[in-house]
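J.: Can you keep this structure in mind? I'll have questions shortly.
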Amino acid sequence: MTDGQTFAYVALGADGKRVRGQVQGPSEQAAFERLRRQGLSPLKLRPAAAQVRGGGDPGLGDRESAEVLLSLADLLEAGADMRSALNVLLSRAQGSRVANACRRLLQDISAGEALDAAFARTLAPRHGFVAALVAAGEASGDLPQALRRAGEMLEAAIKLRQQLVGALAYPLFVLISTLAAAGVILLAVVPSLEPLVSEGGEGRAPILSGLLAASRLLREQGFVFAGGLGGVIVLTLILSRAGLLARPLDRLWLAGPWRRTTCALAFGGFAISLGSMLTAGAPMSDALRLAIRGVRSDLAKTRLRIVLQQVRQGVSLSQALQAVKGFPPTIVRLVSVGESAGALGRMLQRSGKLEEDAAVRDIEAAARLLGPVLIVLLGGLIGLMMAGLLSGVTELGQAALN
């Protein structure tokens, strides 16, 4: 459980020793019952103050979190228990943020904290899906594979981000360079021709007159435009910090013109997680609940919750998924085949991987196309400006000769 309040407790363990720690639950009674199920006898239980990371640490980055998760998976598969594995990582990364994270995990687990809750509190909030996969790994009895899957998901996110940055870096450079060149033309070149237009008459050079008007507007209102742009950026940052942009951006992400690709990424990851848990032997209801928790999009979670309700009522998984808005039909078809063949877990993993790979290819193709298109458009803009300047100067020269 990773939802609800956090309670600080003092309890007696099975050996009679006092244990201190924190536990999460929707209420004090639920937290008390959870401690009892862990074999502890609570002596004190009270709401804990909001947790603040030591030193203002915002949590591990994606790469650091992936490194910790994959290393833990390797050590657990080699036969180490969780505490021993964390001690090994702690000894290798002294004085780093990874060491601080391993130390917090070790302290929470030693205090009797549930493993998924310890990961949820230690990792950054954006890595909340890791706790869901950890809980799924414990439920299916294959914790190393769950940790490996979480690490691979983070590595896939890093790889996708690098692909996007690499693909968009050159078009962005071209855009900035072109805007800078247009600014130089409007602020330095065009004003020098203003006396010629005044002498020859603005009506004789309409294109150049338009450029002069744009140049005057930019020179007179440039600070206003810059201030407005800065205000928009600051307001966006404030709204983002307050969490007010999360829901609109999430809806735009899944319902925008690119929804086929983004839905493939969101629901493909869900299918892989669900298939992994079912293959490991987890019950369908628990696997669905945990796989939905692992989805990073709140809108996608909302759409998928009805699947859990329908499956509990006896509806087949393929029929329930077919009713989810935006769910890839390829996954639905392969799920139906898996239900008939008795290989539902493998089919979910395969179909989810197919959708994720297809989405990445679409993004790479769009990025490769964006560069040349942007270059042509911006080159055409500069070409039109230069053509307007030259044609205006030519018209003025002919008027002067006549």
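The values are calculated or read from the model by the stated rules, or taken from the named source; none is laboratory data. Note that the structure is predicted; figures quoted are calculated from it, not measured. All Cβ positions, even for glycine, are placed from backbone atoms using ideal geometry, and neighbour counts span all protein chains on display. All accessible areas refer to the heavy atoms of the entire protein, side chains included, with ligands and DNA or RNA removed. Shrake-Rupley method; radii C 1.70, N 1.55, O 1.52, S 1.80 Å.
To keep it simple, each residue is scored yes or no on (1) of a type outside the set (Lys, Arg); (2) at positive phi.
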position: Ala264; (1), (2): yes, no
position: Ser273; (1), (2): yes, no
position: Ser276; (1), (2): yes, no
position: Arg296; (1), (2): no, no
position: Arg305; (1), (2): no, no
position: Gly314; (1), (2): yes, yes
position: Ala323; (1), (2): yes, no
position: Thr330; (1), (2): yes, no
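J.: Leu143 is checked against (1) within 19 Å of Leu274 (Cβ to Cβ); (2) modelled with pLDDT under 80 and fails just one. What number does that condition carry?
T.: (2)
J.: Something else: Can you find even one residue in segment 347-356 that is under 26 Å from Glu155 (Cα atoms), surrounded by fewer than 16 Cβ atoms within 10 Å (Cβ to Cβ) and of a type outside the set (Phe, Trp, Tyr)? Steps first, answer last, please.
T.: Taking segment 347-356 as the starting set, the residues that turn out to be under 26 Å from Glu155 (Cα atoms) are 347-356.
Going one step further and asking which of them are surrounded by fewer than 16 Cβ atoms within 10 Å (Cβ to Cβ), we end up with 353.
In the following step, the residues that additionally are of a type outside the set (Phe, Trp, Tyr) were identified as 353.
Checked segment 347-356: at least one residue is under 26 Å from Glu155 (Cα atoms), surrounded by fewer than 16 Cβ atoms within 10 Å (Cβ to Cβ) and of a type outside the set (Phe, Trp, Tyr).
J.: Could I ask something else about it? Of the conditions (1) surrounded by 13 or more Cβ atoms within 10 Å (Cβ to Cβ); (2) at pLDDT 75 or above; (3) within 35 Å of the chain's Cα centre (by Cα), Ala11 clears all except one; give me its number.
T.: (3)
J.: Would you check if Val295 is over 23 Å from Arg149 (Cα atoms) and either out of contact with any helix residue (DSSP H, G or I) (no Cβ under 8 Å at 6 or more places or on another chain) or among the β-branched types (Val, Ile, Thr) (or both)?
T.: Values: over 23 Å from Arg149 (Cα atoms): no; either out of contact with any helix residue (DSSP H, G or I) (no Cβ under 8 Å at 6 or more places or on another chain) or among the β-branched types (Val, Ile, Thr) (or both): yes.
So Val295 does not fit the description; no.
J.: Filtering segment 289-307 down to residues that are surrounded by 17 or more Cβ atoms within 10 Å (Cβ to Cβ) and among the hydrophobic types (A, V, I, L, M, F, W, C), which residue is modelled with the lowest pLDDT?
T.: So, considering only residues that are surrounded by 17 or more Cβ atoms within 10 Å (Cβ to Cβ) and among the hydrophobic types (A, V, I, L, M, F, W, C), the one modelled with the lowest pLDDT is Leu290.
J.: Taking the stated definitions as given, is Arg148 closer than 30 Å to Ala264 by Cα, of a type in the set (Lys, Arg) and at pLDDT below 80? Please lay out each step first, then the result.
T.: On the way: closer than 30 Å to Ala264 by Cα: yes; of a type in the set (Lys, Arg): yes; at pLDDT below 80: no.
Judged against the criteria, Arg148 is not a match.
J.: Looking only at segment 252-288, which residues are touching a helix residue (DSSP H, G or I) at 6+ places or on another chain (Cβ under 6 Å) and either assigned to a loop (DSSP other than H, G, I, E, B) or of a type in the set (D, E, K, R) (or both)?
T.: Matches in segment 252-288: Ala280, Gly281, Ala282, Asp286.
J.: Of all residues in segment 364-388 being surrounded by 15 or more Cβ atoms within 10 Å (Cβ to Cβ) and more than 22 Å from Ile176 (Cβ to Cβ), which is modelled with the highest pLDDT?
T.: Step by step, filter segment 364-388, then rank; the result is Glu364.
J.: Just to be sure before I move on: is Ala117 in contact with a strand residue (DSSP E or B) (Cβ under 6 Å, 6 or more places away or on another chain) and either open to solvent by less than 20 Å² (accessible area, probe 1.4 Å) or modelled with pLDDT under 85 (or both) in the structure I sent?
T.: Details: in contact with a strand residue (DSSP E or B) (Cβ under 6 Å, 6 or more places away or on another chain): yes; either open to solvent by less than 20 Å² (accessible area, probe 1.4 Å) or modelled with pLDDT under 85 (or both): yes.
Yes; evaluated as a whole, the condition is true for this residue.
J.: Which of (1) part of a loop (DSSP other than H, G, I, E, B); (2) surrounded by 12 or more Cβ atoms within 10 Å (Cβ to Cβ); (3) modelled with pLDDT under 80 does Thr6 not meet, given it meets every other one?
T.: (1) is the only condition that Thr6 fails.
J.: Another question, then. List pairs: first in segment 30-52 and modelled with pLDDT of 70 or more and of a type in the set (Lys, Arg), second part of a loop (DSSP other than H, G, I, E, B) and surrounded by 12 or more Cβ atoms within 10 Å (Cβ to Cβ), Cβ under 7 Å, 6+ apart or cross-chain?
T.: Within 7 Å, no pair qualifies.
J.: For residues that are out of contact with any Pro (no Cβ under 9 Å at 6 or more places or on another chain) and either buried (at least 21 other Cβ atoms within 10 Å of the Cβ) or of a type outside the set (A, V, I, L, M, F, W, C) (or both), tally how many sit in segment 61-88.
T.: 17
J.: Could you say whether any residue in segment 312-320 is in contact with a helix residue (DSSP H, G or I) (Cβ under 7 Å, 6 or more places away or on another chain), in contact (Cβ under 8 Å) with a residue 60 or more places away in the chain and either more than 30 Å from Thr178 (Cβ to Cβ) or of a type in the set (Val, Ile, Thr) (or both)?
T.: Filtering segment 312-320 down to residues in contact with a helix residue (DSSP H, G or I) (Cβ under 7 Å, 6 or more places away or on another chain) leaves 312, 316-318, 320.
Now drop any that are not in contact (Cβ under 8 Å) with a residue 60 or more places away in the chain, which leaves none.
Within segment 312-320, not a single residue is in contact with a helix residue (DSSP H, G or I) (Cβ under 7 Å, 6 or more places away or on another chain), in contact (Cβ under 8 Å) with a residue 60 or more places away in the chain and either more than 30 Å from Thr178 (Cβ to Cβ) or of a type in the set (Val, Ile, Thr) (or both).
J.: Further question: Could you give me the residue pairs with C-beta distances under 8 Å whose first residue belongs to segment 92-119 and is over 19 Å from Ser41 (Cα atoms) and in contact (Cβ under 8 Å) with a residue 60 or more places away in the chain, whose second residue is surrounded by 20 or more Cβ atoms within 10 Å (Cβ to Cβ) and among the β-branched types (Val, Ile, Thr) wherever it lies, and which are 6+ apart or on separate chains?
T.: Asp116/Val134; Ala117/Val23
J.: If Val337 satisfies all but one of (1) hydrophobic (A, V, I, L, M, F, W, C); (2) open to solvent by 20 Å² or more (accessible area, probe 1.4 Å); (3) closer than 22 Å to Arg260 by Cα, what's the number of the condition it fails?
T.: Only one criterion is unmet by Val337, namely (3).
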